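> Let me begin by handing over the structure; questions about it come next.
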Amino acid sequence: MNQIDSIAYHSKLAWIDPKAKLCFSLVLLCVCIGCRSILVGALVLLVTAGATLFFARLSLRRYLHFLSIPLGFLLVGTLTIFISVYPAGEKLLAGIPIGGSQVGISAQSFLEGLRLCATALGAVGCMYFLSFNTPMTGLFALFRKSPLPEVVVSLMELIYRYIFVLWEEAATMKTAQNARLGYQGIRHSIASFGTLVGTLFFRAYQRCDRIYSALESRGYQGSLEALQEEYQPGKGWYGATFLTAAAALGIFFLERSVL
Amino acid sequence: MNLIETRGLCYSYQGEKLALDHLDTAIPEGSITAFLGGNGAGKSTYFLNLNGVLTPDEGTVLFRGEPVDYHKKGIAALRRKVGIVFQDPNDQLFSASVLKDVSYGAYNLKLPEDEVKRRVSLAVKQTGIEEYLHAPTHALSFGQKKRVAIAGVLVMDPEVIILDEPTAGLDPSGVSEILNLMQKIKEENRVTFLIATHDIDLVPLYCDYAYVLDHGRVILSGTPKEIFAQKEILRQHHLRLPRISHLMEILSQKDHLSVSPAASTISQARRTIHEMLKEEKSKR
């Protein structure tokens, strides 16, 4: 999480209007999921991955590493679609006979599985494009202009800010526990982890009071609004959205009329 | 004239024993005043009373001779004039955007946007945080966060800035940077400073006045020279002399050298040692 966050702040697109980037990734996401086609999924993944590699200055290796995180879930999820039980004698791509039937992959289930994988990876590509190129502060600025209630956005901002503070605190505590052999064996680990979480809750509660005092002393009257960062307009991205979506839909209809 | 005065200030948290026990203080305008005292001496509670975050149980806080009005408007006006920089910048920096955090106080004053921007860019320049204005708060170092916190108070254009443990957790160069920044702000913006500190050595160097608090009471007050002349009382209240003063004390009492025991900074010590050497020479 920390890595993605820091990549986003260093992206070449970090200070482009977040609305344009949100539009690009959401429209492509909808197209990708709506079409459920192997080629469209591949196209969307290619475009979003390419854009991410170029603008967020990621190496292909690092990107593939991030892509492999959801891959595990995807494999487990699609396994049952790839592999099913068929009556003996049916023509399969690969299979092993078990008793009177056989377990394996048929041409149809193979295509169906691939389609699902492509769609899912295309969707992941869209979300990665957004998260690798958009600092959270940009999204909050966007949410403030949306019909979302002010208090929800404020809460999101505070939570985002203090995740890092709590994280740091937890990491220090864990190191301190480790230094006193707190994580040797399951029993010790469970006990140490319990103390850590308990202490963290208590400290967070105490910090609340101090944050509130600090906010009050700067004139807090129920709102966390202040100056927003200024963003460069992202006009080109609307064009890119349109072009990619049109190409994807073109492929989709072509594929349909051919098959 | 005294910018801030408290008379018989009492405060207790939820009716427990008094955290502030009839505190009488007077802070002259344009000065840097140090508040010394161990943990739980009441320094932070005192500061929160000055800024209106806490309302005194008894006694009064006077700002420019006027008692503070604890209605909504009076409190808002007080907070504009008295800014607090908290000890842990993580308590103060609530936003992941440095720009947003710095502008927050000015924004709350309902100033026109151009004025907010003008003040932000001034404060950013003064505290030297231009470089990381667009970085996320959590990527900053402790010292950088401290500067951002100071900038966030400066935009409110306060007359008083309270620094709670400004040097805690900083490396030696960070300490002198923050203290020099304080002096620069004092001169350029004519701000009165109140600082709570455990770092006794900085008091003779930077402060015009000092208070020693213990159990919510004023034990000593006066110029650093006057305070450090009362070494027995300081030691009773778990404080010590500045290192240089301690050295001078030992030189004059144990080694019977004729140095001035009142010297508490390096330059003062140097002067008195030079004088002593001159005297020795002329005796011969």
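The values are calculated or read from the model by the stated rules, or taken from the named source; none is laboratory data. Predicted model only: the values in this text are computed from it and were never measured. As a convention, Cβ positions derive from the backbone with ideal geometry for all residues, glycine included, and neighbour counts pool all protein chains shown.
> Determine which member of the set B:Phe63, B:Phe47 is in contact (Cβ under 8 Å) with a residue 60 or more places away in the chain, away from every other protein chain (no Cβ under 12 Å) and under 18 Å from the mean Cα position of the chain (by Cα).
B:Phe63
> Then there is this: What's the number of the condition A:Val165 fails, among (1) assigned by TED's automatic domain parsing to the domain that holds A:Ile16; (2) within 25 Å of B:Ala139 (Cβ to Cβ); (3) not charged (D, E, K, R)?
Only one criterion in (1) assigned by TED's automatic domain parsing to the domain that holds A:Ile16; (2) within 25 Å of B:Ala139 (Cβ to Cβ); (3) not charged (D, E, K, R) is unmet by A:Val165, namely (1).
The rows are residues; the columns are (1) at the interface with chain A (Cβ under 7 Å from one of its Cβ atoms); (2) out of contact with any Phe, Trp or Tyr (no Cβ under 6 Å at 6 or more places or on another chain); (3) farther than 30 Å from B:Leu9 by Cα; (4) of a type outside the set (D, E, K, R).
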| position | (1), (2), (3), (4) |
| --- | --- |
| B:Pro56 | no, no, no, yes |
| B:Val102 | no, yes, yes, yes |
| B:Asn108 | yes, yes, no, yes |
| B:Ser121 | no, yes, yes, yes |
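> Go through the range B:1-33 and give me each residue that's of a type in the set (Ser, Thr, Tyr) and closer than 30 Å to B:Glu187 by Cα. Spell out the reasoning first.
Restricting attention to the range B:1-33, the residues satisfying the condition of being of a type in the set (Ser, Thr, Tyr) are B:6, B:11-13, B:25, B:31, B:33.
The answer is B:Thr6, B:Thr25, B:Ser31, B:Thr33.
> Another question, if that's okay. Pick out the one residue from A:Gly34, A:Gly41 that is touching a Ser or Thr at 6+ places or on another chain (Cβ under 9 Å) and modelled with pLDDT of 90 or more.
Working: A:Gly34 fails: touching a Ser or Thr at 6+ places or on another chain (Cβ under 9 Å).
Going through A:Gly34, A:Gly41 in turn, the sole match is A:Gly41.
> Being in a helix (DSSP H, G or I) and in contact (Cβ under 8 Å) with a residue 40 or more places away in the chain: is that true of A:Arg144 here?
On the way: in a helix (DSSP H, G or I): yes; in contact (Cβ under 8 Å) with a residue 40 or more places away in the chain: yes.
For A:Arg144, the condition - in a helix (DSSP H, G or I) and in contact (Cβ under 8 Å) with a residue 40 or more places away in the chain - is met.
> Same structure, new question: Against the definition (crowded, with 23+ Cβ neighbours inside 10 Å, at negative phi and either under 22 Å from the mean Cα position of the chain (by Cα) or within 11 Å of chain A (Cβ to nearest Cβ) (or both)), how does B:Arg79 come out, yes or no? First the steps, then the outcome.
Working: crowded, with 23+ Cβ neighbours inside 10 Å: yes; at negative phi: yes; either under 22 Å from the mean Cα position of the chain (by Cα) or within 11 Å of chain A (Cβ to nearest Cβ) (or both): yes.
It is true that B:Arg79 is crowded, with 23+ Cβ neighbours inside 10 Å, at negative phi and either under 22 Å from the mean Cα position of the chain (by Cα) or within 11 Å of chain A (Cβ to nearest Cβ) (or both).
> Further question: In the range B:89-200, which helices (runs of 4 or more DSSP H) lie fully inside it and hold 1 or more residues that are touching a residue at least 12 places away in the same chain (Cβ under 8 Å) and more than 22 Å from B:Phe47 (Cα to Cα)?
On the way: elements: B:89-92, B:98-108, B:113-127, B:142-154, B:172-189.
Once the helices (runs of 4 or more DSSP H) in the range B:89-200 are filtered for at least 1 residues that are touching a residue at least 12 places away in the same chain (Cβ under 8 Å) and more than 22 Å from B:Phe47 (Cα to Cα), what remains is B:98-108, B:113-127, B:142-154, B:172-189.
> Scan the range A:188-203 and give yes if some residue there is assigned to a helix (DSSP H, G or I) and at pLDDT below 90, otherwise no.
As a first pass, look at the range A:188-203 and keep what is assigned to a helix (DSSP H, G or I): A:188-203.
Remaining after also requiring at pLDDT below 90: A:188.
Within the range A:188-203, one or more residues are assigned to a helix (DSSP H, G or I) and at pLDDT below 90.
> List the helices (runs of 4 or more DSSP H) inside the range B:221-274, counting only whole elements, that have at least 1 residues being in contact with a Pro (Cβ under 7 Å, 6 or more places away or on another chain), over 20 Å from B:Ile32 (Cα atoms) and not assigned by TED's automatic domain parsing to the domain that holds B:Val203.
Hits in the range B:221-274: B:243-253.
> When you go through A:Ile69, A:Ile33, A:Ile4 one by one, which is the residue that is part of a helix (DSSP H, G or I) and surrounded by 15 or more Cβ atoms within 10 Å (Cβ to Cβ)?
Values: A:Ile69 fails: surrounded by 15 or more Cβ atoms within 10 Å (Cβ to Cβ); A:Ile4 fails: surrounded by 15 or more Cβ atoms within 10 Å (Cβ to Cβ).
Within the list A:Ile69, A:Ile33, A:Ile4, the selection yields A:Ile33.
> Is at least one residue of the range B:145-153 more than 7 Å from chain A (Cβ to nearest Cβ), in contact with a strand residue (DSSP E or B) (Cβ under 6 Å, 6 or more places away or on another chain), buried (at least 21 other Cβ atoms within 10 Å of the Cβ) and not β-branched (Val, Ile, Thr)?
Checked against the condition, which is being more than 7 Å from chain A (Cβ to nearest Cβ), in contact with a strand residue (DSSP E or B) (Cβ under 6 Å, 6 or more places away or on another chain), buried (at least 21 other Cβ atoms within 10 Å of the Cβ) and not β-branched (Val, Ile, Thr), the range B:145-153 yields at least one hit.
> Let me ask something additional. Go through (1) outside any strand (DSSP E or B); (2) buried (at least 18 other Cβ atoms within 10 Å of the Cβ); (3) of a type outside the set (A, V, I, L, M); (4) free of Cβ contacts under 8 Å to residues at least 40 places away in the same chain for A:Gly104 and report which single condition fails.
Status for A:Gly104: all satisfied but (1).
> Among the residues of the range B:8-26, is any in contact with a helix residue (DSSP H, G or I) (Cβ under 7 Å, 6 or more places away or on another chain), at pLDDT 90 or above and either of a type in the set (Ser, Thr, Tyr) or not assigned by TED's automatic domain parsing to the domain that holds B:Glu188 (or both)?
Yes, because at least one residue in the range B:8-26 is in contact with a helix residue (DSSP H, G or I) (Cβ under 7 Å, 6 or more places away or on another chain), at pLDDT 90 or above and either of a type in the set (Ser, Thr, Tyr) or not assigned by TED's automatic domain parsing to the domain that holds B:Glu188 (or both).
> Is there any pair linking a residue in the range A:1-12 that is more than 9 Å from every other protein chain (Cβ to nearest Cβ) to one that is of a type in the set (Lys, Arg), with Cβ under 8 Å and at least six apart or on different chains, and which?
Within 8 Å, the pairs are A:His10/A:Arg57; A:Ser11/A:Arg57; A:Lys12/A:Arg57.
> So, in the range B:26-35, how many residues would count as being in contact (Cβ under 8 Å) with a residue 40 or more places away in the chain and either under 14 Å from B:Gly65 (Cβ atoms) or in a loop (DSSP other than H, G, I, E, B) (or both)?
First, pick out the residues of the range B:26-35 that are in contact (Cβ under 8 Å) with a residue 40 or more places away in the chain: B:27-35.
Applying the additional criterion that residues be either under 14 Å from B:Gly65 (Cβ atoms) or in a loop (DSSP other than H, G, I, E, B) (or both) yields B:27-31.
Of the residues in the range B:26-35, 5 are in contact (Cβ under 8 Å) with a residue 40 or more places away in the chain and either under 14 Å from B:Gly65 (Cβ atoms) or in a loop (DSSP other than H, G, I, E, B) (or both).
> Quick one: in the range A:196-213, of everything that is within 7 Å of chain B (Cβ to nearest Cβ) and more than 17 Å from A:Leu155 (Cβ to Cβ), which residue is farthest from the chain's Cα centre (by Cα)? Give the steps one after another, and end with the answer.
First pass over the range A:196-213, keeping only residues within 7 Å of chain B (Cβ to nearest Cβ): A:207, A:210-211, A:213.
Restricting the remaining residues to those that are more than 17 Å from A:Leu155 (Cβ to Cβ) gives A:210, A:213.
Working: A:Arg210: 33, A:Ser213: 35 Å.
Across the range A:196-213, the extreme among qualifying residues is A:Ser213.
> OK, next. Out of B:Leu122, B:Leu54, B:Leu133, I need the residue that is buried (at least 17 other Cβ atoms within 10 Å of the Cβ) and either of a type in the set (A, V, I, L, M) or in contact with a strand residue (DSSP E or B) (Cβ under 9 Å, 6 or more places away or on another chain) (or both). Which one? Don't jump to the end; show me each part of the working.
Values: B:Leu122 fails: buried (at least 17 other Cβ atoms within 10 Å of the Cβ); B:Leu133 fails: buried (at least 17 other Cβ atoms within 10 Å of the Cβ).
Answer to the check: B:Leu54.
> Also, I was wondering about something else. Answer yes or no as to whether A:Lys21 is outside the structural domain of A:Trp167 (by TED's automatic domain parsing), part of a loop (DSSP other than H, G, I, E, B) and of a type outside the set (A, V, I, L, M, F, W, C). Spell out how you get there, then give the answer.
Details: outside the structural domain of A:Trp167 (by TED's automatic domain parsing): yes; part of a loop (DSSP other than H, G, I, E, B): no; of a type outside the set (A, V, I, L, M, F, W, C): yes.
No: the conditions fail for A:Lys21.
Conditions (1) of a type outside the set (D, E, K, R); (2) under 14 Å from the mean Cα position of the chain (by Cα), marked per residue:
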| residue | (1), (2) |
| --- | --- |
| B:Ser141 | yes, no |
| B:Arg147 | no, no |
| B:Gly152 | yes, no |
| B:Val155 | yes, no |
| B:Glu159 | no, yes |
| B:Leu163 | yes, yes |
| B:Asp171 | no, no |
| B:Leu181 | yes, yes |
| B:Asn189 | yes, no |
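> Still on this structure: Could you run through the range A:207-259 and say how many residues are more than 30 Å from B:Phe47 (Cα to Cα) and in a helix (DSSP H, G or I)?
Residues of the range A:207-259 more than 30 Å from B:Phe47 (Cα to Cα): A:228-259.
Those left that are additionally in a helix (DSSP H, G or I): A:235-258.
Within the range A:207-259, residues that are more than 30 Å from B:Phe47 (Cα to Cα) and in a helix (DSSP H, G or I) number 24.
> Being closer than 17 Å to A:Ser217 by Cα, at pLDDT below 90 and either touching a Phe, Trp or Tyr at 6+ places or on another chain (Cβ under 7 Å) or not in a helix (DSSP H, G or I) (or both) narrows it down to one of B:Gly52, B:Gly38, B:Gly74, so name that one. Quick ask: steps written out before the conclusion?
Numbers: B:Gly38 fails: closer than 17 Å to A:Ser217 by Cα; B:Gly74 fails: either touching a Phe, Trp or Tyr at 6+ places or on another chain (Cβ under 7 Å) or not in a helix (DSSP H, G or I) (or both).
The match here is B:Gly52.
> Please specify each residue of the range B:55-71 satisfying the condition of being in a strand (DSSP E or B) and of a type in the set (D, E, K, R).
Going residue by residue through the range B:55-71, those that are in a strand (DSSP E or B) are B:58-63, B:66-67.
Matches in the range B:55-71: B:Glu58, B:Glu66.
> Which residues, taken from the range A:226-242, are of a type in the set (Asp, Glu) and surrounded by 15 or more Cβ atoms within 10 Å (Cβ to Cβ)? Give the steps one after another, and end with the answer.
Let us first name the residues in the range A:226-242 that are of a type in the set (Asp, Glu), namely A:229-230.
If the condition is that a residue be of a type in the set (Asp, Glu) and surrounded by 15 or more Cβ atoms within 10 Å (Cβ to Cβ), then A:Glu229 is the only one that fits.
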